[in-house]
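Chemist: Quick one: this structure, given as structure tokens, is what I'll be asking you about.
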Amino acid sequence: MAELRGIVPLNYSILEQSAEELRETENSPSVSMWPYLVDSDQTELLRTISIYVEKGDTTERARVLYMNAPALEVWKKMNKATGTVGEVHRPPKSALLLFGVPFSE
């Protein structure tokens, strides 16, 4: 994506999940997103989805997800919690790829 006047585009939305949310395995994109894509006949979206994860630091912030726009759109259609707490150009280097394709410029 091209930069506009030196502004770096914000490609990833940041979502936080609590320890309570993590108890429900369907709240993990790596568990629930692929079956959703198959059931809804949208498997071609896998080539555009990019989700990274980092361990959180509190029970209210037990896991931090970094989702690109296509991933966030699918997550919304799945009726999952989509309250974002920020945006970043790319996930931090400490984040691990959870589902989809790696970040690329």
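The values are calculated or read from the model by the stated rules, or taken from the named source; none is laboratory data. On a predicted model such as this, the values are computed, not experimentally measured, just so you know. Here Cβ is always computed from backbone atoms with ideal geometry, including for glycine, and neighbour counts include all displayed protein chains. SASA here: full protein model, heavy atoms, side chains in, ligands and nucleic acids out. Shrake-Rupley method; radii C 1.70, N 1.55, O 1.52, S 1.80 Å.
Chemist: Take the residues in segment 59-79 that are in a loop (DSSP other than H, G, I, E, B) and in contact with a strand residue (DSSP E or B) (Cβ under 9 Å, 6 or more places away or on another chain), then tell me which one is surrounded by the fewest Cβ atoms within 10 Å (Cβ to Cβ).
Modeler: Step by step, filter segment 59-79, then rank; the result is E60.
Chemist: Could we say that D57 is closer than 18 Å to E16 by Cα, over 12 Å from the mean Cα position of the chain (by Cα) and of a type in the set (D, E) here?
Modeler: yes
Chemist: Would a scan of segment 2-12 turn up a residue that is β-branched (V, I, T), surrounded by 15 or more Cβ atoms within 10 Å (Cβ to Cβ) and not in a helix (DSSP H, G or I)?
Modeler: To start, the set of residues in segment 2-12 that are β-branched (V, I, T) comprises 7-8.
From what's left, surrounded by 15 or more Cβ atoms within 10 Å (Cβ to Cβ): none.
No, segment 2-12 has no match at all.
Chemist: Does any residue in segment 81-105 that is over 24 Å from E26 (Cα atoms) come within less than 6 Å, Cβ to Cβ, of a residue that is open to solvent by less than 80 Å² (accessible area, probe 1.4 Å) and outside any strand (DSSP E or B) six or more places away or on a different chain, and which pairs are these?
Modeler: Listed pairs, sorted by first residue: H89/V8; H89/N11; R90/F103.
Chemist: Please verify whether L97 is modelled with pLDDT under 95, on the phi < 0 side of the Ramachandran plot and surrounded by fewer than 16 Cβ atoms within 10 Å (Cβ to Cβ), treating the condition exactly as stated.
Modeler: Criteria not met by L97.
Chemist: Okay, moving on. Of everything in segment 34-58 that's among the hydrophobic types (A, V, I, L, M, F, W, C) and open to solvent by 60 Å² or more (accessible area, probe 1.4 Å), which residue is farthest from N11 (Cα to Cα)?
Modeler: V38
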